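All remarks here apply to the structure that follows.
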Amino acid sequence: MLKVQNLYTSYRGIEALKDVSLDVGEGEMVALIGSNGAGKSTLLNSISGIVKSRSGKIEFGGRDIASNNPWTTAGCGLLQVPEGRQILADMTVLENLEIGETALHGRSRNYSLGYVFDLFPILKERSSQFAGSLSGGQQQMLAIGRGLMGSPQMLLLDEPSLGLAPIVITQVFDALRRINENGVTILLVEQNARKALEMTARAYVLDRGRIVFEGDSKSLADSPQMVAHYLGDVH
Ligand code: ATP
């Protein structure tokens, strides 16, 4: 469904992605892990069009999206849930969710407000509150819910567990599993390597802008050398 080939992205001449290739098949949930500054966000931002790549191919559903802006990429059904959530703090929870629908671009609606409220009941309870008053975990749920309101075929998730308590991380990851089972393909960027590997069958490891491992999540999780070398003591 998503095919990235030989991608190079740089910031003012400094290369952040070097010859990156990655595939995600329809219905998969694939992990992309790596330490701080490895280039994980740059890769997601390059795929979604927030950052322009220098060279390489990006295809989604067979369409060349390398020169798309984020708006046109969203219109293809490929949506990013950004790191730090970027919810609109001065608008209500409901208004934030309604804004997510603008990514539909005429595509049919697969995931309704009811679906999002069923997944995250707390958002229904808080629907008329300002989004800025939510806890960190609830804001993450809102960011995912806003993405779903655009009825994505695929979600790019940037560090959904960042800054959350373990119990909330479990809730968020359980919801991601359900979303994936309901048909949304997911590329999951995480520093929480253990969790991400538990959640997925396949993973990529990014190290200083290069893919250094690609394969089975379980064999990566079972390899102490890989974890120690590329992931430090992040569990
Ligand atoms: P983290 O987990 O800390 O978010 P990451 O793996 O997502 O890290 P990136 O944020 O993609 O890594 O950063 C990759 C490299 O690109 C880093 O060296 C970073 O300093 C650099 N970089 C990222 N964004 C910019 C930017 N806007 N301008 C210049 N350099 C940048």
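The values are calculated or read from the model by the stated rules, or taken from the named source; none is laboratory data. Quick caveat: nothing in here was measured; it's all calculated off a predicted structure. Here the Cβ positions follow ideal geometry from the backbone for every residue, glycine too, while neighbour counts run over all protein chains shown. Accessible surface is based on the protein model in full, side chains and every heavy atom, while ligands, DNA and RNA are left aside. Shrake-Rupley method; radii C 1.70, N 1.55, O 1.52, S 1.80 Å.
Summed over the range 152-198, the residues that are modelled with pLDDT of 95 or more, open to solvent by less than 50 Å² (accessible area, probe 1.4 Å) and among the polar types (S, T, N, Q) give a count of 2. Within the range 47-62, the set of residues being touching a residue at least 40 places away in the same chain (Cβ under 8 Å) and of a type in the set (Gly, Ala, Ser) comprises 48, 53, 55, 56, 61. So which residues in the range 160-185 are within 16 Å of the chain's Cα centre (by Cα), part of a helix (DSSP H, G or I) and within 17 Å of residue 83 (Cβ to Cβ), if there are any at all? Once the filter is applied, which keeps residues that are within 16 Å of the chain's Cα centre (by Cα), part of a helix (DSSP H, G or I) and within 17 Å of residue 83 (Cβ to Cβ), the range 160-185 yields 169, 172, 173, 176. Residue pairs whose Cβ atoms lie under 7 Å apart, separated by 6 or more positions or on different chains, with the first residue in the range 145-159 and in a loop (DSSP other than H, G, I, E, B) and the second acidic (Asp, Glu), are 150/101; 159/83; 159/190.
Pick out the one residue from 90, 19 that is in contact with a strand residue (DSSP E or B) (Cβ under 8 Å, 6 or more places away or on another chain), in a loop (DSSP other than H, G, I, E, B) and either surrounded by fewer than 21 Cβ atoms within 10 Å (Cβ to Cβ) or at pLDDT 95 or above (or both). Steps first, answer last, please.
On the way: 19 fails: in a loop (DSSP other than H, G, I, E, B).
Just one listed residue meets the conditions, 90.
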